1. Just to confirm the number: angle between the C-alpha axis of helix 133-153 and the first principal axis of the chain, 0 to 90 degrees, nearest 10?
2. Rounded to the nearest 0.05, what FRET efficiency do ASP127 and HIS45 have when you use their Cβ-Cβ distance and R0 = 25 Å?
3. With a 10 Å radius around each residue's Cβ, average the other Cβ atoms per peptide and rank 134-145, 54-65, highest first.
4. With every protein chain left in place, what is the accessible area per residue of the chain in square angstrom, probe 1.4 Å?
5. Can you work out the FRET efficiency for the pair LYS153 and GLU59, with r the C-beta to C-beta distance and R0 = 22 Å, to the nearest 0.05?
6. May I ask for the Rg/Rh ratio of the chain, computed from Cα atoms with Rh as the Kirkwood radius, given to two decimals?
7. On C-alpha positions alone, give me the angle between the axis of helix 17-26 and the longest principal axis of the chain, in degrees, nearest 10.
8. Pop out the ³J(HN,Hα) list for segment 97-107 in order, Karplus 6.51 cos²θ - 1.76 cosθ + 1.60 with θ = phi - 60°, rounded to Hz; leave Gly and Pro as x.
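The values are calculated or read from the model by the stated rules, or taken from the named source; none is laboratory data. Computed from a predicted model, the values in this text were never measured in an experiment. Don't worry about glycine lacking a Cβ; one is built from the backbone with ideal geometry, like all the others, and counts go over all protein chains shown. Surface accessibility is based on the protein's heavy atoms, side chains included, excluding ligands, DNA and RNA. Shrake-Rupley method; radii C 1.70, N 1.55, O 1.52, S 1.80 Å.
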Amino acid sequence: MALSGKVETEIETQAPADKFYNIFRNKLHQIPNISTEIVQEGKVHEGDWENVGSVQQWEYTLEGKKQSAKEKIETIDDENKTITYSVFGGEVGESYKSLKVTIQVIDKEHGGGIVKWSFDYEKLKEDITAASPDSFLDFAGKVTKDIDAHLVKE
């Protein structure tokens, strides 16, 4: 695998795109209560939960190991339902020079949505100790499915 690259996935949801996007835009703090098996805790480190420049601290389980990292909200585009985060610190900081995560939620024509995740990364070296980019993609997929199931029940 290359030192830098991008991995992407698209996941269909039953929940409307607006409701799904709203979790990331206005209710990020609820993710540990929604995706309880893989996200244990989230807290504000700097700023708040909703604005560009804010930093959150996360405790989560990835590849069967408890880990932690911080994420900074880099950009928000409400019109296109897109948010970009930079992830750093913890195990990520030990292995990645940069890790940017973008989530975009798109309306499907007949209800529901499509959640697009992309992870742009640059590793510090070929053999890293942190999770692989594909593992982060799998993690995002699990969180997406948990949120979708939660929203469908509401």
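1. In the chain, helix 133-153 runs at an angle near 20 degrees to the longest axis.
2. E between ASP127 and HIS45, to the nearest 0.05, is 0.30.
3. Ranking, from highest mean packing down: 134-145, 54-65.
4. With the other protein chains kept in place, the chain gives 52 Å² per residue.
5. Efficiency, rounded to the nearest 0.05: 0.35.
6. Working: Rg = 14.8 Å, Rh = 15.7 Å.
Answer for the chain: 0.95.
7. On a 0 to 90 degree scale, this one is about 50.
8. Result, ordered by residue: 6, 8, 8, 10, 10, 10, 10, 10, 10, 10, 5 Hz.
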